[in-house]
Structures are given as structure tokens and as C-alpha cells.
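The values are calculated or read from the model by the stated rules, or taken from the named source; none is laboratory data. Please read all numbers here as calculations on a predicted model, not as lab measurements. Here the Cβ positions follow ideal geometry from the backbone for every residue, glycine too, while neighbour counts run over all protein chains shown.
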Amino acid sequence: MPARLPHLSLSLQFAIAASDTPPHREALARHWVGRCLRHALEHDAEFTVRIVAGPQGLELNRAYRQQDHATNVLTFGYATEPRVMADLVLCAPVVAREARAQRRTLRDHYAHLLVHGALHAQGWDHETGAAEAEAMEARETAILARLGIADPYRRQNLRRSSGSGSSPARR
């Protein structure tokens, strides 16, 4: 019998122009987002996933990471026990641009970034050293495989160059 997946309380929010929303809503069906996150969790969790436009992504990355560009995902982790509590902010135009460049579907790239952000919320960090980066990438790849998604690092040889945002709350 498979292990019980953690319970997840999820809020999914779209803060992008209505004209930009359809492909992102399609790629981010609520049940799919929940499935991606639950597979990445070790404990029950509460997540808010917010999809933002470029200007908001840029503003948040400047404020929390002091970087002058919008990044694909930012993780704001608030607690890890007894349950994980975090906000994941994904920048729609960055995610769409990266998906095209990597020749991946928007749905698969969002899945990767949701898993990536959920791991950050649980304390994983790829920016602390090569061993930690390799461990996190291996964990992401295993989770994505369970979701039927190919290894995003092997496919495009993207090791440690995804540009993903780290957890600003942990910096």
C-alpha cells in the first residue's frame, strides 16, 4: 500500500492580466498544483501559490533578493513543523519564456518550479554548495518522475543554471 500523501491546504491566485491568464490557468489546474506539491512534501502543509506578472516579479526579487530581474519562483517559508507553511510566487512571463527556451510544456515547467519551491519551503537549498545542489536536483528529479515528467536537468543540461529564487525568508 502506498504511503499517505501529506494533507495540503492550497490557495491558488492569479495576479496577471486576464488576457494572459488562459494558458497559465490551463497549465495550473488546481488538482495538478495540489498533486505536484503533495508529492514534494514530507509533512502536511498550507501553501499559497500566486502567479504574478513581470513587474511584480521584479519588485519582489529586488526587495527580497536584491536582484534586478524577475525570477521564476520565489519561496517565502514561514514554518516547517508541525506543518509546512509557505507562499510560492511564480512569475508567469519568466516561466513561459523558460519553458519555450527549454522546449518543455508550460505545465511541466510549472510542475518543476512548484516542486522546487516546495523543497525550499522545507529547508532544501541549492545555493549553499555543490553537494546540496546535487541532492536537491536529485530529489526534484525523483519527484517529477513520479509525476511522469522527464528530468529537467538532464534534458537540457541545466544543472545549477535554472535561475530559481531561493527562500528569501531563510536568507
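Just for the range 108-156: of the residues that are over 13 Å from residue 75 (Cα atoms) and aromatic (Phe, Trp, Tyr), which one is surrounded by the fewest Cβ atoms within 10 Å (Cβ to Cβ)?
Taking the candidates together, the pick is 153.
Looking for whichever is part of a strand (DSSP E or B) and surrounded by fewer than 20 Cβ atoms within 10 Å (Cβ to Cβ) here; the options are 67, 56, 13. Which one fits?
Result of the check over 67, 56, 13: 13.
For the range 16-53, which positions are part of a helix (DSSP H, G or I) and among the basic types (Lys, Arg)?
25, 30, 35, 38
Condition first: surrounded by fewer than 17 Cβ atoms within 10 Å (Cβ to Cβ), within 22 Å of residue 142 (Cβ to Cβ) and more than 14 Å from the chain's Cα centre (by Cα). Can you find one or more residues in the range 22-33 that meet it?
Yes, the range 22-33 contains at least one residue that is surrounded by fewer than 17 Cβ atoms within 10 Å (Cβ to Cβ), within 22 Å of residue 142 (Cβ to Cβ) and more than 14 Å from the chain's Cα centre (by Cα).
Restricting attention to the range 35-53, and to residues there that are hydrophobic (A, V, I, L, M, F, W, C) and within 21 Å of residue 97 (Cβ to Cβ), which single residue is surrounded by the fewest Cβ atoms within 10 Å (Cβ to Cβ)?
53
Give me a count of the residues in the range 82-107 that are in a helix (DSSP H, G or I) and surrounded by 19 or more Cβ atoms within 10 Å (Cβ to Cβ).
Total satisfying the criteria: 5.
Looking at 41, 90 in this structure, which one is touching a strand residue (DSSP E or B) at 6+ places or on another chain (Cβ under 7 Å), among the hydrophobic types (A, V, I, L, M, F, W, C) and closer than 19 Å to residue 147 by Cα?
Criteria check complete, one pass: 41.
Can you tell me how many residues in the range 41-59 are under 23 Å from residue 21 (Cβ atoms) and in contact (Cβ under 8 Å) with a residue 60 or more places away in the chain?
2
Taking residue 133 as the residue in question, decide whether it is modelled with pLDDT of 95 or more, assigned to a helix (DSSP H, G or I) and either in contact with a Cys (Cβ under 9 Å, 6 or more places away or on another chain) or among the small types (Gly, Ala, Ser) (or both).
no
Mind telling me which of the residues 72, 61 ends up being touching a helix residue (DSSP H, G or I) at 6+ places or on another chain (Cβ under 7 Å), under 19 Å from residue 121 (Cα atoms) and at pLDDT 95 or above?
72
Collect the residues in the range 136-153 that are part of a loop (DSSP other than H, G, I, E, B) and farther than 18 Å from residue 45 by Cβ, keeping them in residue-number order.
Passing the criteria: 148, 149, 150, 151.
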